[in-house]
Every structure is written in C-alpha cells, then in structure tokens.
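Colleague: A single structure is presented below for examination.
The values are calculated or read from the model by the stated rules, or taken from the named source; none is laboratory data. Computed from a predicted model, the values in this text were never measured in an experiment. Backbone-built Cβ (ideal geometry, glycine too); neighbour counts: all protein chains shown. The accessibility values were calculated without ligands, DNA or RNA, using every heavy atom of the protein model including side chains. Shrake-Rupley method; radii C 1.70, N 1.55, O 1.52, S 1.80 Å.
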Amino acid sequence: QVQLVESGGGSVQAGESLRLSCTVSGFIYTIDAMGWYRQVPGKQRELVASITKHGDTNYADSVKGRFTIASSNAINTVYLQMNSLKPEDTAVYYCNLDSAVGDYWGQGTQVTVSS
C-alpha cells in the first residue's frame, strides 16, 4: 500500500523559513510527478508547487521566488523549501503523488505564519 508521510510543518513568524518533506512508502511502479498543495478552511485546495520525473517544476504565482520544490533522484522524496513566509501562507499543506494508476495524498501538515 502506498503511503505519503509528510513532516516539517510548524509555526513561524513572518519572514522566516520552513522546509517540508514528503516520503513515499510502499511499492509504486512509476511516479510521474509529485507536488505540494495547500488548503485553508472554506477554500479549495490549491497547487503550490510540483515537480515531474523529468525535473520540470511549476509554481503558483503567489509563491514564485520564495518557495523551491526539489526531489530525490528517484522522486520518491520531495521537499518544499519555503522562505520569506507570509501570514497568507498559513494553511494545511498536502503532499501529492501523480502516477499512471492514480493520485495519492498525504495526511497534511499545518503551517502557521504569524505577523
């Protein structure tokens, strides 16, 4: 059974940094892409950043220049380095795995940024 285990969330002050990690456990034949999404109460889950198995990255406009997504060579671990955090970055962050057999999600990790 495939599981995504996230870590690294927490509470910080505006301007500080956090790094989120997500590790895939269980066998999966191929991973096409991994990404980070976030959600606040009452709003839809939104893409923050993603990385394909070829290393192509994509970022939400609101985080460009502040967040960086990276992965291990086998793309079974993905990181999200978040710098210059803002209060509006406060959300539950979810790791996502995209494969030919479907999508998988982590349990979510809370990030809280206070001003």
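Colleague: In the full protein assembly as shown, how much of SER84 is accessible to a 1.4 Å probe, in Å² to the nearest 10?
Modeller: So the heavy atoms of SER84 present about 60 Å² to solvent.
Colleague: Let me know the longest stretch in the chain that avoids all chymotrypsin sites (Phe, Trp or Tyr not before Pro) found in a DSSP loop with at most 10 other C-beta atoms within 10 Å.
Modeller: Within the chain, the longest run free of exposed chymotrypsin sites (Phe, Trp or Tyr not before Pro) spans 30-115.
Colleague: May I ask you to evaluate 6.51 cos²θ - 1.76 cosθ + 1.60, the Karplus curve with θ = phi - 60°, for each residue of segment 27-43 and list the ³J(HN,Hα) values in order in whole Hz, giving x for glycine and proline?
Modeller: Result, ordered by residue: 8, 9, 5, 8, 10, 7, 6, 9, x, 10, 10, 9, 8, 10, x, x, 10 Hz.
Colleague: I've got another one for you. Grab the Cα-Cα distance for SER114 and SER11, subtract it from 0.36 nm times how many residues apart they are, and report the gain in nm with one decimal.
Modeller: 36.3 nm
Colleague: Using the basic label-point model (7 angstrom from Cα toward the beta carbon), what is the SER84 to ASP98 distance in nanometres?
Modeller: 2.6
Colleague: Expected output is a single nm value to one decimal: the length gained when fully extending between VAL40 and GLN1, i.e. 0.36 nm times separation in residues minus the C-alpha distance. What is it?
Modeller: 11.2 nm
Colleague: Ok, one more. Less than 20 Å apart at the alpha-carbon level, and either on another chain or at least 8 residues along: which lysines does that give for LYS43?
Modeller: Answer for LYS43, where 20 Å is the Cα cut-off: LYS86, listed by chain and number.
Colleague: Figure the gain on full extension for ASP61 and SER21 (residue separation times 0.36 nm, minus the Cα-Cα span) and round it to one decimal in nm.
Modeller: 12.3 nm
Colleague: Any idea of THR77's accessible area? Nearest 10 Å², probe 1.4 Å.
Modeller: 20
Colleague: What is the P(r) of the chain, as percent of Cα-Cα pairs per 10 Å bin from 0?
Modeller: Pairs per bin, as whole percents: 15, 50, 29, 6, 0.
Colleague: Can I ask one more? Which percent of the accessible area of the chain is formed by carbon and sulfur heavy atoms (probe 1.4 angstrom)?
Modeller: Roughly 46 percent of what the probe reaches on the chain is carbon or sulfur.
Colleague: Give the value in nm², to one decimal: projected area of the alpha carbon convex hull of segment 3-54, averaged over all directions.
Modeller: Spelled out: convex hull of the Cα atoms, projected over all directions, averaged, 5.1 nm².
Colleague: Continuing with the same structure: Tell me, what HN-Hα J-couplings in whole Hz come from the Karplus equation 6.51 cos²θ - 1.76 cosθ + 1.60 at θ = phi - 60° for each residue of segment 104-115, using x for Gly and Pro?
Modeller: Whole-Hz 3J(HN,Hα) from phi for segment 104-115: 10, 10, x, 7, x, 9, 7, 10, 10, 10, 9, 8.
Colleague: Quote the accessible area belonging to LYS64 in square angstrom, nearest 10, computed with a 1.4 Å probe and with ligands, DNA and RNA left uncounted.
Modeller: For LYS64, solvent-accessible area is about 120 Å².
Colleague: Next up: If you split all Cα-Cα distances of segment 52-115 into 10 Å bins from zero, what percentages do you get per bin, shortest first?
Modeller: 17, 49, 29, 4, 0
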